Each structure stands twice: as C-alpha cells, then as structure tokens.
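Chemist: Got a structure here, written out as structure tokens. Questions coming.
The values are calculated or read from the model by the stated rules, or taken from the named source; none is laboratory data. Keep in mind it's a predicted model, so treat the numbers as computed, not measured. Counting neighbours? That spans all protein chains shown, and the Cβs are built from the backbone with ideal geometry, glycine included.
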Amino acid sequence: MENTPNILYKYVTPERTDILKNLKIRFTQPSALNDPFEFNLAFKELLTSKDMLRQLNIIGPKTLFHQSLLKLPTHQRVLIYSLPKEQLMAMKEKAIEKFFSLETIESIYNEYVKPNTQRIKSEIYSGLDKNIGVLSLTANCETPPMWASYADNSKGFVIGFDTKSDFFNRRRSDKDEFYHLRKVLYEDSQQANSINEMTQNFLIQKNKSWEYENEWRILLPLNTANTEITTDDDSKIFLFDIPASSISEIIFGLNTTQLTIDDVVETISNLTPNSHIKLSKAIKGATGFEIAPF
C-alpha cells in the first residue's frame, strides 16, 4: 500500500475563501461529484441463479424443507407429520429434488430476481448518496488541467492539508470505510457479473482516464456534518469543521486576482494557529509551470 503523502491538496475557486474564513469544508454526495460514475454499482445482476443455488445449498435442503413445513397451517402440518415415515421421507426427497434443480432456480430467478435488479441497484445507490460524503484531495499541486477545471482557470488557489492532522486519522477499525485517507484506485473496467463479485473498493474506484488527478479521498457519514445547508433548488450541502492546524499551505494560481490574494492573506492572519501556513504562487518559470515562494 502506498504511503500517504505528507501534504494533500484541494483545488478551489476564488469564492472558496469561505473555507478559510469559516474553517468548514464540504463533503460532497456522490451524485454531486463531477464524475457521473462515482460509486458505480458495476454489476450486471444482483445475483446469478448459480449464486442462489449455492446459497440454498449452504443453508441445506433439509433445513429449508422443514422451515417450509413450519409455515403451513397447524392442521396441515399435523396431517403431513402423521404420514408413515417412509412416505414422509419420499415426499421430502421429491420436494428437494424439484426445488433444488437448476431449472427451478432459474425460473425463480427470471421471474422475481432479474426484473428487480435495476430497482434494487438504484435503491442501494440512493442510500449511499444520502449517507456518504466525499472530500477529494490530490497529491499533485502542479497539474495545469486541474488548475483549469477546479480552480477557475487558475483564478482560484490550492489549499494544502497536513495529512498527519487528527482530522484525517480517526479510523475506528481495520474495516472502517470512514475517517481516514485512502488512495483512489484507477481501473480500466469495474464490471462484475453479480454483487457477490463486486470488489469492496468500489467506494474508491475510478476509471483509468482520471488517473492524472492522483486522487486521495476521505469519506464521512453525512449525518455527522456540523452544518447542513439547503439551496434554492432543494439540494443539500454538508459542511464539516476543520482545524486551522490542518491547513499547511496556500498556493495562489497564475491568474489569482490581487483582491483574492489580499482576502486570503488577511483571513490567514486571523487564524489561530497560523505561523505554520506556507504561502506560494504558481508562476511561468523558465521551463514551464513552477511553484515559487510568495
């Protein structure tokens, strides 16, 4: 596993000086991210007929048979259990043979499971979208396409975060999906035949075409947000408090206006602590894009 860089960066537009002023940052719902395939549930089927048969065999045919009998009305159960043992055994074997055939399982699958796969997939995604927020950061602060896309054509700035800050290191267990930084995995394809074959990393997977972003992300439960804002179109914005000590660097863009620079510098002067925050600026160097002390 790749070691976490000491500093990870967030490209922002000029208006996002409010992150520094309020010490709050947005964790974004998957549906509001710029990649429409975020948290892509890339499975063709909820489960296959062979998956169903495998699970039924794990439970056990005899167990299922007796569980089915227990659901019958009392008078029917009494009649069945009063049958001679040989006849009851024969009936059980015949029922198991019929129900546990691949043909029967495929019939059940085609009638009940397959038609509901897309609906269930949509419900799972909706649940994720309502409950999980993403903060996307990057290990690269010198990528011109990202300055163009995320920092308003270099009019904005980049915030560098100290990854050793407690804010990024609150993992509760080895299996915790939240509260810690994770490197995004870039794959050519995420397709799986069924939900059982899906990788557990789908929360941090993206198509290889995004690899230039070198993204790291941290996930938080949206119900733990410190501030929730409802926009005019009824969208939700979830903001989380960040400590001033987690901010380690500000890099101004090539086209950042003096007004924005002055606003950021004044805001930083009011932070406590602030002496650790380094100021830099993107410039056109002799060989191209460079970051120089401010």
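Chemist: Just to confirm my filter: which strands (runs of 3 or more DSSP E) fall fully inside the stretch 1-45 and include at least 2 residues that are without any contact (Cβ under 8 Å) to a residue 12 or more places away in the chain and surrounded by fewer than 16 Cβ atoms within 10 Å (Cβ to Cβ)? I'd like the intermediate steps shown before the answer.
Modeler: Numbers: elements: 7-12, 24-26, 43-45.
So the answer is none; nothing clears 2.
Chemist: While we're here: Looking at (1) over 15 Å from residue 41 (Cα atoms); (2) modelled with pLDDT of 85 or more; (3) of a type outside the set (D, E, K, R); (4) assigned to a helix (DSSP H, G or I), can you tell me which one residue 153 breaks?
Modeler: (4)
Chemist: Sticking with this structure for a sec: Report those strands (runs of 3 or more DSSP E) wholly inside the stretch 226-294 carrying at least 2 residues which are touching a helix residue (DSSP H, G or I) at 6+ places or on another chain (Cβ under 7 Å) and over 30 Å from residue 132 (Cα atoms).
Modeler: Numbers: elements: 227-230, 236-241, 247-252, 278-285, 288-293.
Result: empty, no element qualifies.
Chemist: Do we find that residue 279 is within 20 Å of residue 16 (Cα to Cα) and surrounded by 12 or more Cβ atoms within 10 Å (Cβ to Cβ) in this structure?
Modeler: Values: within 20 Å of residue 16 (Cα to Cα): yes; surrounded by 12 or more Cβ atoms within 10 Å (Cβ to Cβ): yes.
For residue 279, the condition - within 20 Å of residue 16 (Cα to Cα) and surrounded by 12 or more Cβ atoms within 10 Å (Cβ to Cβ) - is met.
Chemist: Mind telling me which of the residues 274, 270 ends up being closer than 15 Å to residue 18 by Cα and either free of Cβ contacts under 8 Å to residues at least 60 places away in the same chain or among the charged types (D, E, K, R) (or both)?
Modeler: Testing whether each residue is closer than 15 Å to residue 18 by Cα and either free of Cβ contacts under 8 Å to residues at least 60 places away in the same chain or among the charged types (D, E, K, R) (or both) leaves just 270.
Chemist: Kindly list the number of the only condition in (1) under 26 Å from residue 5 (Cα atoms); (2) modelled with pLDDT of 95 or more; (3) in contact with a Leu (Cβ under 9 Å, 6 or more places away or on another chain) that fails for residue 227.
Modeler: (1)
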